[in-house]
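Written out below as structure tokens is the structure these notes cover.
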Amino acid sequence: MMSASLSLPHKLIPTSESNSLSMKTHHLFPLLETKFTEVKQLQQVHAQMTVTGLIKHTGALAKFISSLSNFGNLAYAMVVCTYVDHPKVVAWNTIIRASLVQNLPKMAIMVYLNMIHESITYPDNYTFPSLLKASAQLMEFTTGKALHGQTVKFGLNLDLYIETTLIKMYTDFGDLYSAEKLFGRMGAKNSIAWTTLITGYAQKGYAKDALLLFSEMELQGYEPDEVTMATVLSACAELKDIEFGQKIHHYIKNRDLKVCTVLGTCLVDMYAKCGRIDESRNMFDEMPQRNVVSWSAMILGYVQNNQCFEALRLFKKMVSESVRPNEVTMIAVLLACAQAGDLNSGTWVHAYIDKNQINLTVNLQNSLIDMYSKCGSVDLAHHIFENMKAKDLVSWNAMISGLAHHGLVKEALNAFSSMQEQGIKPDNITFIGVLTACSHGGLVKMGWQKFKEMREKHKISPKIEHYGCMVDLLGRAGFLVEAMELIDKMPMEPNGAVWGALLGACRVHNNLELGELAAKRLLEIEPQNDANYVLLSNIYAGFTRWEDVKLIRKMMHERGVRKIPGCSIIEIEGFVHEFLVGDKSHPESESIEPMLNYVMERLKLEGYVAERSQVLLNLDEEEKESSLYWHSEKLALCFGLIKTKKGDPIRILKNLRVCGDCHTAFKLVSRVFKRDIIIRDRSRFHHFRDGSCSCRDFW
Ligand code: ZN
Ligand code: ZN
């Protein structure tokens, strides 16, 4: 009997007394396995345990107490503990742990205070780890520090396990200094202690220090485990440090470490974040086992690398392999739809969420709002928003920004007021939306007022994006000098977006001097961005300065900048149709051409005259030949007119800015053909309806 039980771990070794008892009472053990539903059952078991002496059996007692706690009767459990004479600490530790399992961290601390205040028993090395976790859950740093004091008081602070838990507690509270100090003082360290500190640094945003610490760990000869590797890989991902990441990958290969699902997923994520999407996919394909986290990481990886269609394809594969997606997956997929501007896929994903009863969390609903407004359907975005039971700051921000980008100025500003009425404090992202709305509405005075309100009332110091919005606002309204003055006064270096806003304004308001200045700065900051050359050349053309137009063309040639060919996409019944400028390769090109001629004739009757200056925009010789008629968006529009029902909206995605001529034409088409036309171009949405556009002719 005795010899058999010797192999049991220390705390489960029963005393000879309880051992002999267990022979008589072993029939009670199955009873302890049952799930209690009534207090009466508990009381009966308790009585039997007391009578038989089973209460003195450590294992049985622990089981009983945890059943009690699981049943939710911690108070009863404490009473039981008080009357146990042997060994009390195990019983109390059980209640503390059970409180934590039941998500009652405050209870765990109270149980501990009860235990020591009544001097019932002394804590041991199993007591503190749960308590330290409880303090972290409660986010009470003072409690954590007091517990640290207690470990010293009871002479347990030199226990390796407790020391490691203390380090974790300090890093959880962001006190990396104390964590490191404790770590430095540790007598004997092990890999777990190292990993705990490394993870702490990585999680608190000190990825670089985490990597340094890892190198140190390696140097001192400690063996990292899978957890260490996973943490280090996340740090590499955050720093986009592909060299270090690859080093870790080699390390894993060389040591023949098993690439578990977690580690494999970290590798997928690291390669994707470092922009090595192909290596990321190889890693993903090689993984022997994948879970929903791996799939989500790969899908998000595609989104981060601007490969939204690949992301959507992978999601469809995931579904076909019957892997159930979770909230994170769906958020990544919705991001892909938003990036693609693909309303059909977005609607399909939304239906998928409903059909598969994926929990519609606030985050997921926020993603739906963002997706619908970026796919050109602000009405559906608003519908989701209105039906949300609980809205958070992100929901309001997404809605305000969506309304603003669709030119629904009044609605955006009303939302801003309602948000504050409901006690939600705006942040800097809210103000980007608000200023964008003012800009779209030409509300200069209101814009200045909100810009001031942001700083003075809400104590948010403006970032470069806010200055960009203000320059855009002033520029659109024709206050070019004021816009330039604001740029001069900015506390930071203006970026491409700021100069771009000014340049766009100069083009519309025909200001050669400021336009030239803005363009020159832009060409310095973004020498490879073809759109800037086109804009400047357009301004020169407007002033008939053909020599300068030639010069710009030469400059592009010398710098190897190629004008990206214009390309428009329209989706009809789930199929994507792509049109290039002058494109006659579409299988239905024969029916598109007559439609195009018909549309143009109709528009001429309405007084449409082609904007000849736009032809000069096209810097490539071959492109110059193709007339304005053949711009890709016009081809897509005509195809849409043929393929969709009367009155249906037409949605087009364009990779470049819509040109002025197409813009004029589309406004007329929306009136003459009674169609809503929604174009998402390189910089914004154009929602054409009844002869006008939401951008108010400014883009
Ligand atoms: Zn055009
Ligand atoms: Zn427009």
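The values are calculated or read from the model by the stated rules, or taken from the named source; none is laboratory data. This one's a predicted model, so the numbers in the text were calculated from it and none came from an experiment. Please note: Cβ atoms are built from the backbone with ideal geometry, for glycine as well, and neighbour counts cover all protein chains shown. Remember, those area values only see protein heavy atoms, side chains included, never the ligands or the DNA or RNA. Shrake-Rupley method; radii C 1.70, N 1.55, O 1.52, S 1.80 Å.
Tell me whether the range 506-518 contains one or more residues that are within 16 Å of ligand 2 (Cβ to nearest atom) and either open to solvent by less than 40 Å² (accessible area, probe 1.4 Å) or of a type outside the set (A, V, I, L, M) (or both). Yes, some residue in the range 506-518 is within 16 Å of ligand 2 (Cβ to nearest atom) and either open to solvent by less than 40 Å² (accessible area, probe 1.4 Å) or of a type outside the set (A, V, I, L, M) (or both).
When Arg553, Arg521 are checked against the criterion of being at pLDDT 90 or above, assigned to a helix (DSSP H, G or I) and among the basic types (Lys, Arg), Arg521 stands alone in meeting it.
Of all residue pairs spaced 6 or more apart or on separate chains, those with beta-carbon atoms under 7 Å, a first member in the range 658-670 that is under 23 Å from Asp648 (Cβ atoms) and a second member that is among the β-branched types (Val, Ile, Thr) and away from ligand 2 (no atom under 11 Å from the Cβ) are Val669/Val599.
Every condition in (1) without any contact (Cβ under 8 Å) to a residue 60 or more places away in the chain; (2) away from ligand 1 (no atom under 14 Å from the Cβ); (3) not polar (S, T, N, Q) holds for Glu571 except the one numbered (1).
Can you pull out every residue in the range 208-223 that is small (Gly, Ala, Ser) and outside any loop (DSSP other than H, G, I, E, B)? Hits for the range 208-223 are Ala210, Ser215. Residues that are among the hydrophobic types (A, V, I, L, M, F, W, C), in contact with a Ser or Thr (Cβ under 7 Å, 6 or more places away or on another chain) and at pLDDT below 95 within the range 398-428 comprise just one, Ala404.
Looking at the range 224-284, the helices (runs of 4 or more DSSP H) lying wholly inside it that each contain 2 or more residues that are at pLDDT below 95, open to solvent by 50 Å² or more (accessible area, probe 1.4 Å) and among the charged types (D, E, K, R) sit at 226-239, 242-254. Considering the range 296-308, the residues that are of a type in the set (S, T, N, Q) and assigned to a helix (DSSP H, G or I) include one that is surrounded by the fewest Cβ atoms within 10 Å (Cβ to Cβ), namely Gln304.
The residue that is farthest from the chain's Cα centre (by Cα), counting only those in the range 126-144 that are surrounded by fewer than 17 Cβ atoms within 10 Å (Cβ to Cβ) and not aromatic (Phe, Trp, Tyr), is Thr142. One residue stands out in the range 581-636 among those that are at pLDDT below 70 and within 16 Å of ligand 2 (Cβ to nearest atom): the one that is surrounded by the most Cβ atoms within 10 Å (Cβ to Cβ), namely Gln614.
Among the conditions (1) more than 22 Å from Phe284 (Cβ to Cβ); (2) at pLDDT 95 or above; (3) open to solvent by 10 Å² or more (accessible area, probe 1.4 Å), Ile369 misses just one, which is (3). Of the candidates Glu456, Glu386, Glu421, Glu411, the single residue that is closer than 21 Å to Val349 by Cβ and open to solvent by 40 Å² or more (accessible area, probe 1.4 Å) is Glu386. Looking across the range 637-667 at every residue that is open to solvent by 40 Å² or more (accessible area, probe 1.4 Å) and under 14 Å from Ser683 (Cβ atoms), the one that is nearest to ligand 1 (Cβ to nearest atom) is identified as Arg657. Considering the range 678-694, the residues that are under 21 Å from Cys469 (Cα atoms) and surrounded by fewer than 18 Cβ atoms within 10 Å (Cβ to Cβ) include one that is modelled with the highest pLDDT, namely Arg682. Residues of the range 673-691 that are more than 16 Å from ligand 1 (Cβ to nearest atom) and out of contact with any Lys or Arg (no Cβ under 6 Å at 6 or more places or on another chain): Phe673, Lys674, Arg675, Phe685, His687, Arg689. Kindly provide the set of residues from the range 668-677 that are buried (at least 19 other Cβ atoms within 10 Å of the Cβ) and in a helix (DSSP H, G or I), ordered by number. Hits for the range 668-677 are Leu668, Val669, Ser670. Within the option set Ile487, Ile432, being part of a helix (DSSP H, G or I), β-branched (Val, Ile, Thr), buried (at least 17 other Cβ atoms within 10 Å of the Cβ) and without any contact (Cβ under 8 Å) to a residue 24 or more places away in the chain holds for one residue only, Ile487.
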